[in-house]
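Worksheet for the structure shown next.
The values are calculated or read from the model by the stated rules, or taken from the named source; none is laboratory data. Just so we're clear, the structure is a prediction, and the values are computed from it rather than from any experiment. Glycine gets a Cβ as well: all are built from the backbone with ideal geometry, and neighbour counts include every protein chain shown. Heads up: the accessible areas ignore ligands, DNA and RNA and are worked out on the full protein's heavy atoms, side chains in. Shrake-Rupley method; radii C 1.70, N 1.55, O 1.52, S 1.80 Å.
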4 protein chains.
Amino acid sequence: MGQGQFQVIGGPCSVETEEQMRMVAQALVDNGVRLMRGGAYKPRTSPYSFQGIEEDGLKLMRKVADEFGLLIVTELMDARDLPVFEEYADILQIGTRNMMNYRLLKDVGRTSRPVLLKRGMSATIQEFLLAAEYIAAGGNQKIILCERGIRTFDSETRNMLDLTAVPVLKEKTHLPVIVDPSHGTGRSALVSPMGLAAAACGADGLLIEIHPNPSEALSDGDQALDVASFTQFMQKLCVLLQALQ
Amino acid sequence: MGQGQFQVIGGPCSVETEEQMRMVAQALVDNGVRLMRGGAYKPRTSPYSFQGIEEDGLKLMRKVADEFGLLIVTELMDARDLPVFEEYADILQIGTRNMMNYRLLKDVGRTSRPVLLKRGMSATIQEFLLAAEYIAAGGNQKIILCERGIRTFDSETRNMLDLTAVPVLKEKTHLPVIVDPSHGTGRSALVSPMGLAAAACGADGLLIEIHPNPSEALSDGDQALDVASFTQFMQKLCVLLQALQ
Amino acid sequence: MGQGQFQVIGGPCSVETEEQMRMVAQALVDNGVRLMRGGAYKPRTSPYSFQGIEEDGLKLMRKVADEFGLLIVTELMDARDLPVFEEYADILQIGTRNMMNYRLLKDVGRTSRPVLLKRGMSATIQEFLLAAEYIAAGGNQKIILCERGIRTFDSETRNMLDLTAVPVLKEKTHLPVIVDPSHGTGRSALVSPMGLAAAACGADGLLIEIHPNPSEALSDGDQALDVASFTQFMQKLCVLLQALQ
Amino acid sequence: MGQGQFQVIGGPCSVETEEQMRMVAQALVDNGVRLMRGGAYKPRTSPYSFQGIEEDGLKLMRKVADEFGLLIVTELMDARDLPVFEEYADILQIGTRNMMNYRLLKDVGRTSRPVLLKRGMSATIQEFLLAAEYIAAGGNQKIILCERGIRTFDSETRNMLDLTAVPVLKEKTHLPVIVDPSHGTGRSALVSPMGLAAAACGADGLLIEIHPNPSEALSDGDQALDVASFTQFMQKLCVLLQALQ
């Protein structure tokens, strides 16, 4: 990423079953995507919401990823889980709620895994870059920055996707900058237009939530694309990326 | 606009001199643009900032527009100026500071001129649509909605361009939706990427600030494109629009 | 105001009937309040909401105010109404939606009436002071600044009352600074605690919405105090103000 | 706290030296305050800023606290530090950056120490209460909620103190609610007025930054009160609290 090669990361919000992950993996492979996401440990606003299937989810993802030749991106919430993540995951995601969890940032700064760092809900560009600096200061410079929407007054969308952050970040850093239009909008109908817009303003990649059956997803079904919509989106994206070259 | 035909509106923040407007008009014509903007009456945050050359500006724009076969878009701040605007302007702009000036909205609802309505700095999508409704309720349905950035906590850019507003508005209304990446970012280097992104997510047009010599502009020079940058941008936009068809 | 004398302005959101205004006026007089507010021309988000009874409302307020020896504070939305306001009103209110309606600010800068200027929904302190400067530049220095809540991400309250604005403004200007906890919270149960807090941090006065029967108010009933609650609040306020001396 | 007894917590942003802490402790005792704060582990936006003196700071605070008969409130950033915090600290603070660090919340939910939970920079009231629920769900119901300012567009103050959160929270929970006007404003001149306002709208306590010599503080000196100002503030607060009874 960041070397002229636009990368898409796709997968469900939560890892649920092997069948689910296999259907997602097939959709990724069919569309030339090599990076699979899925949440095993889930940071949920309420302690009574589904919290993820944890280590079982990591193992399940690893099995499916190996079968399909994919790499895994998944969220780490606690440094005590690092050993198990280092065994099963390829890219460690630090979620928006932990962007200022500086101890965790220092810990992933000492691993050899690439880190996908999501922007905090109300983090300024400068705070976002300083969070990346916490990771880099530990020796790990394989950092991917991810814009995923910020919090504003408008309630039409789950968050306010700040696409201007893309060219602003690219002026200030050589790190790759990707965009998550799924969390950034919270509504599947907006993922395609905003994903295309992200590519048009210079993003190096996208993080897209996909679920074989969004209406039955255990979390965030409203913002997931089904396989057919994802395929359609990838075709439009492909045309756009060629035009932009 | 709104009928499959992408429209660009270009011109300086403030009308300054005939030579300036002529250079802008030439750049527009050279790039196939038919709509020229320019501020004659300027709403400035400080009473001690340049306030525009007022009626002289309208006359000057009319003269240049007629010479080059262009239409004029310009901001109306007060209903008492309507007679002079109806004489010289083609499209009446209601600025972000007046989006909730309901008396002014009612007044332009009774004219026959199309109205370009800018979103208020902290207006929700619903408030924006209800402001348009004030105009439509008076009988004038020729309304163009313009996203121009909202106010958030980040100070990297002048405003936070909310591109997601484009597909959200298009779900809710048949009115054309355009984007102003000049005010929406406040920095000329960001106008091109964000203008392309606006087109990619479905905008019907763009409002672009152009100045023959941005560093000498009497207002908002930081966000104006010079003629060469504008030409370059229009070429990229053209390629993108063809790919998106 | 601003000379050590704490002032309360009370009254309904909208002027509805003479009986309503008389009951309010009696409650004001009973509590030692001399300034009565009431909206005759109403800026409503939707064109289909109640828009006020306009000139009839001004006349009705004048009649009741004279009978009870009160002064009238009421919102002016359009400079074309100035003659009728100058006939019937004592203090001209510029509402939050018009804080950046610079032409209107210039117009009230040329009157002899004191102006109560409400802070815009997303106006910075500096923009608020520059709006006041538009009025002062016209020669009218009788300006009262009113904090009434700003727009943020939280939807628990209608607006986010920014009480820190009170000491910040008082560092920067000698103008009196009052607070409107009614609009600033949008809920009657919060008016009393936030009104007391405003007094505690140095406000020079309060603007309180009162309605004889809030559940039947034509606008903003949720945030109006009834007469008994207002009386109770005034007693607490009195105790607090004495303690703060 | 929360039983009619207003509590003040005072102390420096960072624990620096024994002399510093002793001067602070003396000031607290002189003003009838029993709870001392001080940061030993510091969450700083930049990895290159002073990060605290860590375990040495906890020991130093304990020693001084015991000498003066005070209880210690200090921030825990990582569950791995719990054993050392349980040895030296009385009340565990969860900082604004970790309000959504759900693993940490679960961990402090299993301790017997009271937890002071600060509101996240852009947390809604509901998210704040759900974060407290993460702690309570673990069995620890000794939770103190702390409003410390949210992030908005205005840059006059470091944060925007949301005092309305106090009565809103008290409607929804029996947990004590305190206010931190030091972080909530970022400027020492605003601490006194906003601290008084917090008491006036029903807060159960305050968290006040005090430093014997603010201009030489290793962190956040701009918002710390010196001993004389703190004493003066406590006298005003005392008068106000008596009036409010």
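Descriptive notes on the structure:
- When you restrict to C-alpha pairs under 8 Å that are six or more residues apart and normalise by the size of the stretch D:85-213, the relative contact order lands at 19 percent.
- Gyration tensor over the Cα atoms of the stretch B:131-245: the corresponding equivalent ellipsoid has semi-axes (square roots of 5 times the eigenvalues, largest first) of 25, 18, 14 Å.
- By Cβ position, the chain C residue that hugs the axis carrying C onto A most closely, with its distance in whole Å, is C:F153, 3.
- Think of it as helices only: each DSSP H run of n ≥ 4 in chain C is worth -39500 (n - 2.57), and spread over all residues that comes to -12000 deg cm²/dmol at 222 nm.
- Total charge dipole magnitude, the stretch D:36-172, about the Cα centre, Cβ charges on Lys, Arg, Asp, Glu only, Debye to nearest 20: 200
- Cα centre as origin, Lys/Arg/Asp/Glu Cβ charges: the stretch C:47-97 dipole, Debye: 140
- Residues with amide H under 5 Å from that of D:G205, placed H, sequence gap 5 or more: D:Q7, D:V179
- Taking a ≥ b ≥ c as the square roots of the eigenvalues of the Cα gyration tensor, an a/c ratio of 1.5 or more together with a/b larger than b/c marks the stretch C:109-157 as prolate.
- Protein heavy-atom accessible surface, 1.4 Å probe, per residue over the protein assembly as shown: 34 Å².
- Legend: mean number of C-beta atoms from other chains within 10 angstrom of residue C-beta atoms, peptide B:117-130, equals 4.
- Here B:S49 yields copy-to-copy label distances, from shortest upward, of 2.9, 3.1, 4.1 nm, the label point defined as 7 Å from Cα along Cα to C-beta.
- In this assembly, the D-A interface accounts for approximately 2800 Å² of buried accessible surface in total, computed with a 1.4 Å probe and without ligands, DNA or RNA.
- Fluctuation leader among B:G32, B:G149, B:G109 - chain B, Gaussian network, Cα springs under 10 angstrom: B:G32
- Spatial offset of the stretch A:150-170 relative to the stretch A:68-108 amounts to 24 Å, using the alpha carbon center of each.
- Which of B:M160, A:M23 is most accessible, then next, and so on - probe 1.4 Å: A:M23, B:M160
- Length-normalised contact order for the stretch D:80-139 - Cα pairs under 8 Å, 6+ apart - percent: 39
- Span-rule helices in chain C, defined as complete DSSP H runs reaching 24 Å or more along the axis (Cα) with Kyte mean at least 1.0: C:227-244
- Neighbouring Cβ atoms from other chains, within 10 Å of the Cβ of residues in A:46-53, number 4 on average.
- Taken residue by residue and averaged, Cβ atoms of other chains lying within 10 Å of the Cβ of A:188-199 number 5.
- Residue with peak Gaussian network fluctuation, chain B [Cα springs, cutoff 10 Å], from B:P47, B:P214, B:P114: B:P47
- Stretchable slack from C:F50 to C:Q5, in nm (0.36 nm times residue separation minus alpha-carbon distance): 12.6 nm
- Percent accessible area from carbon and sulfur atoms, the protein assembly as shown, protein chains only, probe 1.4 Å: 46
- Rg and Dmax [Cα atoms of the stretch B:6-139; Å; Rg one decimal, Dmax integer]: 14.8, 42
- Distance between modelled label sites at B:S215 and D:R22, nm, 7 Å Cα→Cβ extension: 6.1
- When the Cα gyration tensor is reduced to axis lengths a ≥ b ≥ c, the ratio a/c stays below 1.5 for chain C, which is therefore classed as rounded.
- Note on exposure: A:S112, D:S219 ranked by accessible area (1.4 Å probe, complete protein assembly) read A:S112, D:S219, with the most exposed listed first.
- For A:E87, inter-copy separations between label points set 7 Å beyond Cα along the Cβ vector come to 3.1, 8.4, 8.7 nm, shortest first.
- Ranking of C:S215, A:S182 by solvent-accessible surface, largest first: C:S215, A:S182 (1.4 Å probe, protein heavy atoms only, all chains present).
- Of D:F128, D:F153, D:F68, the one that fluctuates the most in a GNM where chain D has Cα springs shorter than 10 Å: D:F153
- Amide proton proximity set for C:I144, modelled H, under 5 Å, gap of 5+: C:V115, C:L116, C:L117
- Surface accessible to a 1.4 Å probe, C:F50 within the full protein complex, Å²: 60
- The lysines within cross-link reach of D:K170, meaning a Cα-to-Cα straight distance under 17 Å and a gap of 8 or more places when in the same chain, are D:K118, D:K142.
- Global form of the protein assembly as shown, assessed from the alpha-carbon gyration tensor, a/c cut-off 1.5: oblate
- Chain D: relative contact order as a whole-number percent, Cα under 8 Å and 6+ apart: 18
- Given charges at beta-carbon only (K, R positive; D, E negative), |dipole| of the protein assembly as shown in Debye: 0
- Long-range HN-HN contacts of A:I72 with modeled amide H, under 5 Å: A:M36, A:D90, A:I91
- Shortest-first distances to equivalent copies, position D:T231, nm, label 7 Å out along Cβ: 4.6, 7.4, 7.9
- Between C:K172 and A:L241, the C-beta separation translates, for a Förster distance of 51 Å, into a calculated FRET efficiency of about 0.50.
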